[in-house]
1. When Lys and Arg each count +1 and Asp and Glu each count -1, what net charge do the other residues less than 12 Å away from residue 63, Cβ to Cβ, add up to?
2. What's the FRET efficiency of residue 56 with residue 90 using the Cβ-Cβ distance as r and R₀ = 22 Å, to the nearest 0.05?
3. Give me the percent relative contact order of the range 102-166, please, defined on Cα pairs under 8 angstrom at least 6 residues apart.
4. For every other residue with a beta carbon closer than 15 angstrom to the beta carbon of residue 136, add +1 if it is Lys or Arg and -1 if Asp or Glu, then tell me the sum.
5. What's the tally of Lys pairs in the range 26-162 whose alpha-carbon atoms lie under 27 angstrom apart, where the two lysines are 8 or more places apart or on different chains?
Amino acid sequence: MLYTLASVLAFSLTVVAAPIQIQLTPKVQHQDPSAYFALKVDGSLKVSGRVIADEYVQIGGIAIEGSECALNGLVGQDGGGRLLTCQMGMWLYPKVSTEIKEHTAVGYQRPTATVSCGPFRRVIGGGGECSQPSGSIYVISSKPHENGWKIECDGASKEEWGNANVWAICAY
């Protein structure tokens, strides 16, 4: 079934490029036929609103990292299928930025400290250290805790104050 451009615009699609050929194939008969069509577009297609896919999205454009691109926000792939995006006029691989959050707590004999990455961040690593004036203190545990890191120290039988210093590596 071949439709004219006016028929396509009734489905809230805007076509940007010429010449363009659009073919809609009905999948099932239903009261709302616009929800049950396969759409094939040769050319550019602009949708005002979100594009929602109930399955995967295949990116066919091949790009080379570091080469120029025309429009920021374009998405492509390299020859191996890794995602590339057009940023500041250049094809780049998506990168993760990190920051280190730290916290020191003081405690008697068994100091414990935690630190959180906070909103819009995710813990990807961490660590900590324990210290006491006499030097007789050790780490019981150093591990992820919620969306951050936690360290627990033990000063054994030394009755003195100690420090628990913890850090988390947070990605955003």
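All of the numbers you see were taken from the coordinates with simple rules; none came from a lab. This one's a predicted model, so the numbers in the text were calculated from it and none came from an experiment. Glycine also receives a Cβ, built like all others from the backbone with ideal geometry; neighbour counts cover every protein chain displayed.
1. Working: positive: 82; negative: 65, 68, 78.
So the surrounding residues net to -2.
2. Details: r = 26 Å, r/R0 = 1.20.
Step by step, r from the Cβ atoms, then E = 0.25.
3. Values: 172 pairs, mean separation 30.7, N = 65.
47 percent.
4. Here the count lands on -2.
5. Numbers: 27/40; 27/46; 95/143; 95/150; 101/143; 101/150; 143/158; 150/158.
Close lysine pairs found across the range 26-162: 8.
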